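A short write-up of the structure that comes next.
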Amino acid sequence: MSDRSSRLDSPLDDTGERPTKKPKRSFVACRRCHSHKIKCSGEQPCHNCRQQPEGTVDCVYPARDRKVLVQESYLRKLEEESQLWKASASPGSTNLPSGSKSVPEDQRRQHGRSNHPGSNEAGEGGPSNPDGDIRNPLIEDRAWFVRDQVSTQPVYIGEAACNAFGTRLRQFLSGDEPMAPLPQSNYVKHKALLRMSDPSFRLPNRTYAHLLIKVALRFLGNDYHLMLRKATLEKLDALYRGQCFDDPILLCRLFAIFAIGELYTNRKATSKMSEVPGTGFFMQAMSLFQDLHEEATVSYIEILVLLSLFCLPLNRTKSAYTFAGIALRLSLTLGLHHNVPEGYMISPVEREHRLRVWWSVYTMDRISSSKLGHPVLVRDEDIDADLPSMEGLSPSEREEFSPPEHLIAHLKLARITGDIISDIYGRPRRSKTFVQSVHMILKDLRSWAETLPENIKLIQTRPVRYASRNVASLHLCFNQCVILTTRPILFHVFRSRFQPPTDGNPSSRIPSPMTSALAEACIHAARSSNSLLTQLWVDGGIATFGYFDSQYLFSSTIILMMALVLRNSESDRDAIETASDILQSMVEDGNLPAAAFYQHLLEIRKCFDFSQEHGKQFHGRLDQTTTGDNNNGNSNGDGAGAATESLPQNEATELLALHTALDDPSIQSFLTQPDIHWGIPGVMESNGDLAAMSRWIFE
């Protein structure tokens, strides 16, 4: 179309003739022409308005409302979202509705003041609130650290403390001069409070001590920061030269590392009454351990992590959880969850040491919490510490630390584990539905798998290979996260198979393709863990007395037992028997956690046998899914099943082990949907029981 100025009253063209085509009429008149019902030229200003005295009229055109063609489904989606947000904005509403998309936490913090009743964003035409720009004057952009007059480590100051407020007030009254808090006041000190018992200890020979440290680092040294490697070995050699005997923290840490190293030497017990390997060293470490809560250091927190790690194979899971909790609390008092600002007298090694100890404590807290099903103790939004890195370290300084890639991958899994605990197994919240939580967590797991560095990925061969024991442990942890996320859905499908279909709807108990795909993801993760653990057993790399391997065996095996009922599979049956035999051998060797898991596994098998003989009638199979109105028992979403249907069962299982549990086409489709799409209850929540059951299916 031509411009408004050329639509009407067009002059002669270059040939002196008027255009042969009649100019189009302007469809938009200015407000004055429209009100007087006269023809408008469409110019700015138009011909009629130019005829009026200057300044007497304004030639204003109304905004054009274009017609746009959209799909009806899009309009319905907008209507649903509008209703959800209107409900959340209604008076007295403090939470988002159950179907709404939760606002990211950082966005809520950033715009929290604008949503407050005292916001400077007034209603239309209303006056702005001058108090809306006020920010908390006590909170600075960086965490508050001060130099300690006694020790060299920075002292973290929590802004909410009354002493901190008093220091801020003194600082303001003194002309904003930098001012440190007053020294810590006297507190009661007594030998009994420190639990010092003047223990006698006996060091292993020097060669054996070095071997134990190497074993401890091989099994756990990349998953957690256990020690400053070069400095600790130098102190160990000094200890054998007759020095450093007056350092109980060093001695306690060394004996704890010796205990972990001896635990993973895979030496079998010499008699039925023999204790768990490493227990003797652990007891010596505990005799040297002191309650230094008022004078905690980064090295002291390292000891708490080591003690927590060794409590797990002793089957003292509550003690492990407690030590991890103490380590986390003391880390917060030292401000390890914050970056130390530049300018403090702290070396690059000390700065990196703080970061690695913090993330090890963070990981241990979430891992130990998941074992007991307890909530995590610190929120991710309260943490602004950098991730581990080798940047800024000299070649000599880098010898103190392990490569950071593995530690970063492990702590990211720990972060996802915390989300699983709170979102999948926590109390239902209106701000997020169960399916939305599953959707977000599986997206995070997929992102984790896709961004994993090549050197810590599994080697995709048959059977699957791993670069080191640490890499195998990392992928077992990943599979366990998938199992924890999806097994409530598998249980939902499993339970529905024992409920007969209703007369009015014979397919009421047949799951949707998406539900079946999520259940298959759980089964696939269990198969992957089972295959990897079996390979570790063949290679002699399984931790005979370890906690995690026995737990992964138990967790994956009960999933395979459920899968065997849903769909008879010889490979799954063989995998169950193999896992049971491995677990039994660990029990015979003296593994205490394995004994508890194995006993539980036997009880579950009894229940399966009883159910098949006396109880529940099974209806349908896992590969029967609903696809709209066509319930033919064959789903397009079961991509993995279709791909392996024609293969022998053992080859199909090995083929699936080469891929992650999230490679199914239906899962990929599920994960590519926007988060808001899953804010509205869908087919997996139609029965209203998934969110309720998920709170107790945790072990």
Non-local residues with an amide H under 5 Å from the amide H of ARG497, with H modelled 1.01 Å from N and Pro and chain starts lacking one, are none
Least to most buried among TYR321, TYR61, TYR344, by other C-beta atoms within 10 Å and fewest first, runs TYR344, TYR61, TYR321
Full extension between THR279 and HIS293 adds, at 0.36 nm per residue less the Cα distance, a length in nm of 2.6 nm
The alpha-carbon center of the stretch 283-340 and that of the stretch 439-468 are separated, in whole Å, by 31 Å
Checking rank on 229-240, 38-49, with mean other Cβ inside 10 Å and highest first, the result is 38-49, 229-240
Computed ³J(HN,Hα) along the stretch 279-291: with the Karplus parameters 6.51/-1.76/1.60, θ = phi - 60°, integer Hz and x for glycine or proline, the list is 5, x, 5, 5, 5, 5, 4, 5, 5, 8, 6, 10, 8
For ARG465, the residues 5 or more places away or on another chain with a placed amide H closer than 5 Å to its own amide H are ILE459
HN-Hα couplings for the stretch 322-328 via Karplus (6.51, -1.76, 1.60; θ = phi - 60°), in whole Hz with x for Gly/Pro, come out as 5, 4, 5, x, 5, 4, 5
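For each of CYS33, CYS607, count neighbouring Cβ atoms within 10 Å of the residue's Cβ, then give the residues from fewest to most. List each step's numbers first, then the result.
Details: CYS33 21, CYS607 12.
Result, fewest neighbours first: CYS607, CYS33.
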Over 30 Å (Cα to Cα) among LYS214/LYS457; LYS230/LYS457; LYS318/LYS457; LYS37/LYS77; LYS77/LYS457 -> LYS318/LYS457; LYS37/LYS77; LYS77/LYS457
Taking ILE559, ILE346 and counting other beta carbon atoms within 10 angstrom, the fewest-first order is ILE346, ILE559
Expected vector for the stretch 597-604, Karplus 3J(HN,Hα) from phi with 6.51, -1.76, 1.60 and θ = phi - 60°, integer Hz, x for Gly and Pro, equals 5, 5, 4, 5, 5, 5, 5, 5
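FYI, it's all coordinate maths here, none of it is from the lab. Only a predicted model underlies this, so the values are computations on that prediction, with no experimental measurement involved. Here the Cβ is made from the backbone with ideal geometry for all residues, glycine too, and neighbour counts use every protein chain on show.
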